[in-house]
Amino acid sequence: MSEKRYKEITSGIYCIVNKLSNMMYIGSAINLRKRKHEHLLALRKNIHPSRYLQFAYNKYGADNFEFRVLQIVNDVNDLTKVEQGWINWVGCLVPKGYNLAPTARSQLGFRHSEESIKLMSLKKKGTRITAETKAKMSAVRKGKKQSIEWIEKRMKLEPLVLITDPIIIKAE
């Protein structure tokens, strides 16, 4: 997928185009750059929610797909309505395109229930981050300055450990 100049764009309508067949997947995002990376990651990991897009990506390869910004939408409350207009106009539903749902939907404002939060927490318990992943995470953060706000927030969250009974080890 080619890199287009849209780094300054925040929200809008995008499409993923198969350059060989001109079939499209149309979606909307509050942060287009982040959404592009989410799609790429899902496609590379073979876990994209649009199985038709995933099949085509696997068959034709990444070089034959392109992420394009169709329209900038400044008011995030209009995203779903504008996305629906694009889906209707282009006609990108399966089998003519890669969109599975005929109606655009938004997760904006969605909150998980306490029960689902507990279930997700239980599912993550016991998982370990590998040393390799920790090293990668560390490398990404190296050289980046932390803002004063972030440091102050972290200081409020991290409890202070008070040593009430220190152990003194004598050198022999």
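The overall shape of the range 12-90, judged from the alpha-carbon gyration tensor, is prolate: a/c is not under 1.5, and a/b is greater than b/c.
Can you pull out the GluC sites (Glu not before Pro) in the range 50-114 whose DSSP state is coil and whose Cβ has at most 12 other Cβ atoms within 10 Å? Provide the component values of the computation, followed by the final result.
Details: sites: Glu66, Glu83, Glu114; in loops: none.
For GluC sites (Glu not before Pro) across the range 50-114 that sit outside H, G, I, E and B with at most 12 neighbouring Cβ atoms in 10 Å, the list is empty.
Label separation (Leu93 vs Ile117): 3.7 nm, computed from points 7 Å beyond Cα along the C-beta direction.
A short reminder: the numbers here are calculations on the coordinates, not readings from a lab. It should be emphasised that the depicted structure is a prediction, and the values quoted were computed from it without experimental measurement. Cβ sites come from the backbone with ideal geometry, for glycine too, and all protein chains shown count toward neighbours.
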